[in-house]
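These notes concern the structure reproduced below.
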Amino acid sequence: MSFASQCALVTGAAGFIGSHVVDRLLAMGVTVVGYDNLSTGQERFLRHLDGNPRFRLVRGDILDEAALPAAMAGVDFVFHLAANADVRGGQRNPNIDLEQNTVGTHRVLEAMRKTGVRRIAFTSSATVYGEPTVFPTPEDCPLIQTSTYGASKAAAEEFIEAYCEFYDFQAWMFRFVSFLGERYPHGVVFDFLKKLRATPGELEILGDGTARKSYLHVTDALDGFFTAISKADGAKSIFNVGNTEYLDVRAVADVICESAGARGVRYRFTGGARGWKGDSPFVHLDISRLQSLGWRPQLTIPEAIRRTVAYLQANEWLLGARK
Ligand SMILES: NC(=O)c1ccc[n+]([C@@H]2O[C@H](COP(=O)([O-])OP(=O)(O)OC[C@H]3O[C@@H](n4cnc5c(N)ncnc54)[C@H](O)[C@@H]3O)[C@@H](O)[C@H]2O)c1
């Protein structure tokens, strides 16, 4: 499909990935309505768009059944990214994933149905596979839930599929590994840098350091995301978005310390194969479906980590903006 002269609404537009989606859409000539409650998003990620006649930010909640459809008037395509993106958040608050991710997605679908918008791109997660037994993990692997976050994303995918059947929606659903890059505001690189600042010379690492994870730079990820949307024309498409490689947590810590110029750091492992309950000890997705459309990741994981560290060191305000 072509985006020329289209209008898109991006939920979670002020977030890490959402703000990059906004930039890409504007670069493609799309008119964009950003929709965000700024719970974890940063207006600074969108400040460079001040005065852009093709962009406006609506400060609103996806759970708001009046404001959301109002913001969708005249829209052709919805990019739904707003969510609780913190996998561990569900342990502190057992309602957050259900409300923000599953009910929130249903509210987005209902707003679309009521306003006649039929196309949606949705950011799901590798977490929906739980702890799979097949690696790299293909899209048709059974979904077995080990976290409320994964469960909420799987349920959201299923509501979207149902709307494709019932109401003739067209959907692109993306199961992401952990992304890195500019505007990165949460995750392992963020946590390790904060810890290194608080206690130079020592780094607490959750788990025993052997967990293996795949990561992808956000630029590569969005190349894949838009390749899929432009080339896959089925009623509902699901794509893994990941990397051909993975690193264990100790190796990730090594690259972070080296990039941050932290020498002689002593690692203190909390122990156990998992960093926390619901953490998968091995994440490596099969990306051949997306590769068959001509997409390839360009950056290695160490290079993506180095760029992320450089970005956070140049933007220290962000390290203080989120816990
Ligand atoms: N970052 C990753 O590596 C990663 C991996 C897998 C999946 N995802 C998914 O990608 C999406 C974006 O993640 P991110 O890393 O950019 O997270 P983020 O926290 O930076 O962005 C989420 C955005 O949604 C907004 N938001 C949250 N709840 C909202 C609500 N109720 N109403 C309106 N806006 C709301 C926040 O203010 C924020 O701007 C999420 O759906 C997340 O689950 C991210």
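The values are calculated or read from the model by the stated rules, or taken from the named source; none is laboratory data. Bear in mind the structure is a predicted one, so any value in this text is a computation, not a measurement. Backbone-built Cβ (ideal geometry, glycine too); neighbour counts: all protein chains shown.
Here are the numbers for this structure:
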{"quantity": "Residues (in contact with a strand residue (DSSP E or B) (Cβ under 8 Å, 6 or more places away or on another chain), within 14 Å of the ligand (Cβ to nearest atom) and in contact (Cβ under 8 Å) with a residue 40 or more places away in the chain) located in the range 22-49", "calculated": "33, 35, 36, 37"}
{"quantity": "Where residue 240 falls short, out of the listed (1) surrounded by fewer than 20 Cβ atoms within 10 Å (Cβ to Cβ); (2) among the polar types (S, T, N, Q); (3) in a strand (DSSP E or B)", "calculated": "(1)"}
{"quantity": "Test: residue in the range 34-50 that is of a type outside the set (S, T, N, Q) and closer than 22 Å to residue 159 by Cα", "calculated": "yes"}
{"quantity": "Residues (within 17 Å of the chain's Cα centre (by Cα) and either outside the structural domain of residue 75 (by TED's automatic domain parsing) or of a type in the set (A, V, I, L, M, F, W, C) (or both)) located in the range 120-144", "calculated": "120, 121, 122, 126, 128"}
{"quantity": "Failed criterion for residue 173 (all others in (1) within 16 Å of the ligand (Cβ to nearest atom); (2) assigned to a loop (DSSP other than H, G, I, E, B); (3) in contact with a strand residue (DSSP E or B) (Cβ under 7 Å, 6 or more places away or on another chain) hold)", "calculated": "(2)"}
{"quantity": "Test: residue 222 is buried (at least 17 other Cβ atoms within 10 Å of the Cβ) and out of contact with any His (no Cβ under 6 Å at 6 or more places or on another chain)", "calculated": "no"}
{"quantity": "Test: residue in the range 128-138 that is more than 9 Å from the ligand (Cβ to nearest atom) and in a strand (DSSP E or B)", "calculated": "yes"}
{"quantity": "Residue identified as aliphatic (A, V, I, L, M), under 22 Å from the mean Cα position of the chain (by Cα), at pLDDT 95 or above and in the same structural domain as residue 12 (by TED's automatic domain parsing) among 75, 87, 117, 103", "calculated": "103"}
{"quantity": "Residue under evaluation residue 16, criteria (1) away from the ligand (no atom under 14 Å from the Cβ); (2) in contact (Cβ under 8 Å) with a residue 60 or more places away in the chain, criterion not met", "calculated": "(1)"}
